[in-house]
Amino acid sequence: MLISEFDFQLPDELIAQDPLSGRDQSRMLVVRRSDGSFADKQFTDFPEELASSDVLVLNNTKVFPARLNGQLETGAAVELFLVEETDENIWIALARPGRRLKAGKKILFGSGLSANVLEKRGDGRVLVRFDADERVFDLIEKVGATPLPPYISRAASSEDRARYQTVYASSRGAIAAPTAGLHFTPAILDTIRGRGVEIREITLHVGYGTFEPVRVEHVAEHNVMPERFEIGPETAAALNSALVEGRRIVAVGTTTTRALETSVARHGQVVAERSLADLTIRPGYKFAAVTALLTNFHLPKSSLLVLVSTFGGHELIMNSYRHAVESRYRFYSYGDCMFVC
């Protein structure tokens, strides 16, 4: 298929720039694969969509403030967006403006944190080594900014530190939030447990691949960058029991989906492991783990929209997106959600 087949028209005013006052106040479009129907609901209705036999799987990754503003020793301003730690205190980062950075340059961030440019790479990327008297991650937490996506046209605020983070985030390492999880509150989770639903957590540290555009015409030629994930032994056992018994595994987010499907595609079942999710889900892929998916609305012609369309069926998902636009749903990270079941 062509990436142009995953395009849709979206008015700018439907791109959510701020979170709603309450996490669980978003709208939810329920898309039923069995009959191709849509239902306009609220996220507070989500527990009623679950059965007591379901297993709900959350991604507990925690976003760290990966956007750093600093300056060269000449005083010139530089921004680094941390992408991947390749070794202790050594990171690949997107630099702006990249033309100012050459090997040997030093960047000062304040609070005793600095970085030396080791190598200049293509596409605005640099390899840097951080130096500090304290633990580097502790200083990044002090001086860094929340890495809001590029379609949010404002600077990150102190409120984003909490709201661009799920209430169950516990494992630091993501540069983007698993946004389907932003709607949950402790009360909603308690309601779900009260219905007898089993809740399990995995970790997938969302990386730069979530932002990377598809630059090829044919979807089959695009590969999503690998991302680190971890599945614990108790969670693996619970999910395998559900698979054997034919119970639904409900994934919260495309990140959870990618981790689970990577494990099953690789081993034939869910395995307790720390590894890299290197699976690119595209048309033709047969899902082996996930049977229902809660997700936000994604960018046109993005790998995430391709994943959701592969899960729900291309025609049904693209029709649901057109319905969402016509019905004035809020899109992207701070927007509304859809439940494909």
Check: Label residue 103 and residue 159 with points 7 Å out from Cα along Cα→Cβ: what is the distance between them in nm?
Finding: 4.6 nm
Next item on the list: Which order do the peptides 57-63, 217-223, 67-73 take when ranked by the mean count of other beta-carbon atoms within 10 Å per residue, highest first?
Entry: 57-63, 67-73, 217-223
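Decide, for the chain, between rounded, prolate and oblate: order the square roots of the alpha carbon gyration tensor eigenvalues as a ≥ b ≥ c, take rounded if a/c falls under 1.5, and otherwise choose prolate if a/b is larger than b/c, else oblate.
On the way: a/c = 1.70, a/b = 1.57, b/c = 1.08.
Note, shape of the chain comes out prolate.
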Checklist line | Unit charges on C-beta of K, R, D, E only; dipole of the range 67-143, Debye | finding: 560 debye
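Grab the beta carbon distance between residue 216 and residue 286, set R0 = 35 Å, and tell me the FRET efficiency rounded to 0.05.
Working: r = 23 Å, r/R0 = 0.65.
Plugging the Cβ-Cβ distance into 1/(1 + (r/R0)^6) gives 0.95.
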Next item on the list: Quick one: which residues, 5 or more positions from residue 332 or on another chain, have an amide H under 5 Å from its amide H? H modelled 1.01 Å from N in the peptide plane, none for Pro or chain starts.
Entry: 297
Margin query: Defining a contact as two alpha carbons under 8 Å apart and six or more residues distant in sequence, what relative contact order in percent does the chain show?
Written below: 25 percent
Next item on the list: Rounded, prolate or oblate: pick one for the range 31-170, where a ≥ b ≥ c are the square roots of the eigenvalues of its C-alpha gyration tensor, a/c under 1.5 means rounded, and failing that, prolate if a/b is larger than b/c, else oblate.
Entry: prolate
Next item on the list: Calculate, for residue 245 and residue 74, the FRET efficiency according to 1/(1 + (r/R0)^6) with r their C-beta to C-beta distance and R0 56 Å; round to the nearest 0.05.
Entry: 0.30
Next item on the list: Extending each Cα 7 Å along its Cβ direction at residue 319 and residue 137, get the distance between those two points in nm, one decimal.
Entry: 4.7 nm
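Return the FRET efficiency for the residue pair residue 274, residue 129: r is the Cβ-Cβ distance, R0 is 25 Å, and the value is rounded to the nearest 0.05. Walk me through the intermediate numbers first.
Working: r = 25 Å, r/R0 = 0.98.
E(calc), rounded to 0.05, equals 0.55.
So for 34, 153, fewest C-beta neighbours within 10 Å to most, what's the order? Before the final figure, lay out the partial values.
Numbers: 34 6, 153 9.
With the fewest neighbours first, 34, 153 line up as 34, 153.
Please give the peptides 229-238, 253-262 ranked by average Cβ packing (other Cβ atoms within 10 Å per residue), highest first, as a rough proxy for protection. Write out the running numbers ahead of the final one.
Details: 229-238: 17.1, 253-262: 28.3.
In descending order of packing, they fall as 253-262, 229-238.
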Checklist line | Karplus 3J(HN,Hα) series, Hz, for the range 42-57 with 6.51 cos²θ - 1.76 cosθ + 1.60 (x for Gly, Pro) | finding: 10, 4, 4, 7, 4, x, 6, 7, 9, 9, 4, 7, 6, 10, 9, 10
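Quick check on packing: order 281-291, 197-207 by the mean number of other C-beta atoms within 10 Å, highest mean leading. If you can, show how the numbers build up before the last one.
Details: 281-291: 16.5, 197-207: 21.5.
Answer by packing, highest mean first, reads 197-207, 281-291.
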Next item on the list: Report, ordered by chain and residue number, the lysines lying within cross-link reach of residue 120, taken as a straight Cα distance under 22 Å and ignoring same-chain residues fewer than 8 apart.
Entry: 102, 105, 106
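If Lys and Arg each add +1 and Asp and Glu each add -1, what is the summed charge of the other residues whose beta carbon sits under 13 Å from the beta carbon of residue 168?
On the way: positive: 23, 62, 193, 200; negative: 190, 201.
Combined, the nearby Lys, Arg, Asp and Glu give +2.
Using just the helices of the chain, give the 222 nm mean residue ellipticity in deg cm²/dmol: DSSP H runs with n ≥ 4 each add -39,500 (n - 2.57), and the total is spread over all residues, rounded to 500. Mind showing how you got there, number by number?
Working: 7 runs with 73 residues, N = 341.
Rounded to the nearest 500, it is -6500 deg cm²/dmol.
Readers should treat all values here as calculations from the given coordinates under stated rules, not as data from a laboratory. Note that the structure is a prediction, hence the values are computed from the model and not measured. Quick reminder, even Gly has a Cβ in these numbers, built from the backbone with ideal geometry, and neighbours come from all protein chains shown.
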